[in-house]
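Enquirer: Before I ask anything, let me first share the structure, which is written out below as structure tokens.
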Amino acid sequence: MKQKNCLIFGGSGQIGRNLIRKLTKKNYKVMVVTRNIHQKSYIIKTQANAGYIDIIEANIFDEVKIRKLFDKADICINLIGILFEKKRGNTFRNIHSLFPGILAKLCKEYNLENFIHISALGINDAIDSEYAKSKLDGEKNILTNFPSATILRPSIVYSVDDNFTTNFMTLLNRMPFFPIYYNGKTKFMPIHCSDLTDIISHVIENNTNSQIIECVGPETISFKEILNKLLKLIEKKRALIPSPLFLAKFTAALFELFPQPLITRDQLRLLKYDNVLSKKYKNNLDIGVPSNRFFEAEVKKYCYMWKDGGQYATDKYQDK
Ligand SMILES: NC(=O)c1ccc[n+]([C@@H]2O[C@H](COP(=O)([O-])OP(=O)(O)OC[C@H]3O[C@@H](n4cnc5c(N)ncnc54)[C@H](OP(=O)(O)O)[C@@H]3O)[C@@H](O)[C@H]2O)c1
């Protein structure tokens with residue numbers, strides 16, 4: 001059987017790297033587009049055996065260059081997303097709304113088998129968040145240009161390579177107390193990165209076209225519970241102090257002046273809404289790919305890096 005070729009945008013990120021490992025082990029070939037081959041090629045290339053992976057450096061809006069890649073592709077996967085806007089065209093509108101529409105148009109023109117796009121859970125509800133609105137517009141543009149695309153909407157995705165549990169464990173280590181917003185009551189259904197890439201792989205293998213699928217982990221946990229679990233795992237005690245909204249907005253506005261803000265006012269608005277199944281769309285359970293990985297048990301596998309004593313603080317060494 002002919003080896004299928006997956007064209008991946010955003011393959012250097014958390015989900016992308018896990019997906020490259022999974023797909024190439026299953027004998028798919030991957031073409032990965034990055035903006036910075038000098039910085040990212042090592043991390044991309046080391047995810048797969050030689051011969052399974054091609055890396056292409058491109059500006060994602062250089063349609064002439066990316067068009068050529070569609071000629072060789074069977075499936076296109078878009079993993080590009082941003083949490084805050086930056087200068088030089090890195091806006092929610094460009095990255096989340098217009099770019100996915102361009103990819104969908106090219107998928108249609110080159111008659112690709114599937115276009116899999118990673119959107120986000122809860123975007124219908126978060127009506128005052130620019131992030132959510134732009135993701136929703138992106139979905140609409142995709143479905144207009146390539147109606148048989150598959151759109152996956154994950155809750156928070158975590159793994160040793162994330163910017164979520166790892167950043168929080170660093171901050172919880174360094175700060176004497178930690179502010180929580182909306183009393184830490186916002187609910188999430190965190191999904192392990194490997195469970196999400198199992199879903200992507202299932203969609204590819206079963207040719208699941210034309211669906212919006214919500215992707216969640218097996219538990220519903222509040223923001224405060226997440227922080228408490230992380231504190232327990234790294235064996236630290238910190239006061240979790242509810243921050244009044246006016247103060248939260250003020251600090252977020254200050255953070256926005258930083259090149260990599262810890263939180264923005266838009267993220268603060270997003271945090272108001274529970275990030276759980278809407279029950280209006282199918283979910284990963286419905287398509288036969290339940291998530292089996294539990295948050296605390298998975299983070300336990302890598303949290304030792306944030307513990308005093310590192311690996312020597314793990315049960316394995318403590319027992320001796
Ligand atoms: N992680 C989560 O908790 C989560 C939850 C819900 C939805 N999602 C969505 O899932 C997708 C993948 O998430 P992820 O966590 O793997 O993302 P990630 O680690 O942040 O990586 C995304 C990749 O996108 C590319 N990228 C970032 N900004 C870009 C820009 N301005 N222009 C062009 N390319 C850009 C980067 O590739 P290069 O630097 O190589 O070009 C980067 O490796 C995103 O769409 C995200 O919104 C993630």
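Enquirer: From the list Leu196, Leu240, Leu227, pick out the single residue that is at negative phi, crowded, with 23+ Cβ neighbours inside 10 Å and at pLDDT 95 or above.
Expert: Every option except Leu196 fails the conditions.
Enquirer: So, one more: Go through Leu233, Leu247 for me and flag whichever is surrounded by fewer than 17 Cβ atoms within 10 Å (Cβ to Cβ) and at negative phi.
Expert: Being surrounded by fewer than 17 Cβ atoms within 10 Å (Cβ to Cβ) and at negative phi holds for just one of Leu233, Leu247, which is Leu247.
So that you can scan it fast, the table gives a plain yes or no per residue for (1) under 26 Å from Lys108 (Cβ atoms); (2) modelled with pLDDT under 95; (3) acidic (Asp, Glu); (4) buried (at least 18 other Cβ atoms within 10 Å of the Cβ):
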{"site": "Arg21", "(1), (2), (3), (4)": "no, no, no, no"}
{"site": "Thr24", "(1), (2), (3), (4)": "no, no, no, yes"}
{"site": "Met31", "(1), (2), (3), (4)": "yes, no, no, yes"}
{"site": "Ala73", "(1), (2), (3), (4)": "yes, no, no, yes"}
{"site": "Ile95", "(1), (2), (3), (4)": "yes, no, no, yes"}
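Enquirer: Hey, Glu205 hits all of (1) acidic (Asp, Glu); (2) at pLDDT below 95; (3) touching a Ser or Thr at 6+ places or on another chain (Cβ under 7 Å) but one; which does it fall short on?
Expert: (3)
Enquirer: For residues that are more than 8 Å from the ligand (Cβ to nearest atom) and in a loop (DSSP other than H, G, I, E, B), scanning just segment 107-123, find the one that is surrounded by the fewest Cβ atoms within 10 Å (Cβ to Cβ).
Expert: Result: Asn111.
Enquirer: Considering only segment 262-320, state which residues are part of a loop (DSSP other than H, G, I, E, B), acidic (Asp, Glu) and at pLDDT 90 or above.
Expert: Answer for segment 262-320, where residues must be part of a loop (DSSP other than H, G, I, E, B), acidic (Asp, Glu) and at pLDDT 90 or above: Asp274, Asp286.
Enquirer: Still on this structure: Considering segment 24-72 alone, what residues qualify as being more than 13 Å from the ligand (Cβ to nearest atom), in a loop (DSSP other than H, G, I, E, B) and not hydroxyl-bearing (Ser, Thr, Tyr)?
Expert: Answer for segment 24-72, where residues must be more than 13 Å from the ligand (Cβ to nearest atom), in a loop (DSSP other than H, G, I, E, B) and not hydroxyl-bearing (Ser, Thr, Tyr): Lys26, Asn27, Ala48, Asn49, Ala50, Gly51, Asp71, Lys72.
Enquirer: Under 6 Å between Cβ atoms, which residue pairs at least 6 apart in sequence (or on different chains) link something in segment 149-164 that is under 17 Å from Arg293 (Cα atoms) with a partner that is assigned to a strand (DSSP E or B) and more than 8 Å from the ligand (Cβ to nearest atom)?
Expert: Pro154/Ile191; Pro154/Cys215; Ser155/Phe188; Ser155/Ile191; Ser155/Asn275; Ile156/Phe188; Val157/Ile191
Enquirer: Continuing with this model, one more query. Return yes or no: is Ile234 out of contact with any strand residue (DSSP E or B) (no Cβ under 9 Å at 6 or more places or on another chain), closer than 26 Å to Asp315 by Cβ, among the β-branched types (Val, Ile, Thr) and touching a residue at least 24 places away in the same chain (Cβ under 8 Å)?
Expert: yes
Enquirer: When only residues in segment 124-149 that are surrounded by fewer than 24 Cβ atoms within 10 Å (Cβ to Cβ) and among the β-branched types (Val, Ile, Thr) count, which is nearest to the chain's Cα centre (by Cα)?
Expert: So, considering only residues that are surrounded by fewer than 24 Cβ atoms within 10 Å (Cβ to Cβ) and among the β-branched types (Val, Ile, Thr), the one nearest to the chain's Cα centre (by Cα) is Ile127.
Enquirer: Something else about it: Kindly provide the set of residues from segment 1-23 that are more than 16 Å from the chain's Cα centre (by Cα) and part of a loop (DSSP other than H, G, I, E, B), ordered by number.
Expert: Matches in segment 1-23: Met1, Lys2, Gln3, Lys4.
The values are calculated or read from the model by the stated rules, or taken from the named source; none is laboratory data. It should be emphasised that the depicted structure is a prediction, and the values quoted were computed from it without experimental measurement. Cβ sites come from the backbone with ideal geometry, for glycine too, and all protein chains shown count toward neighbours.
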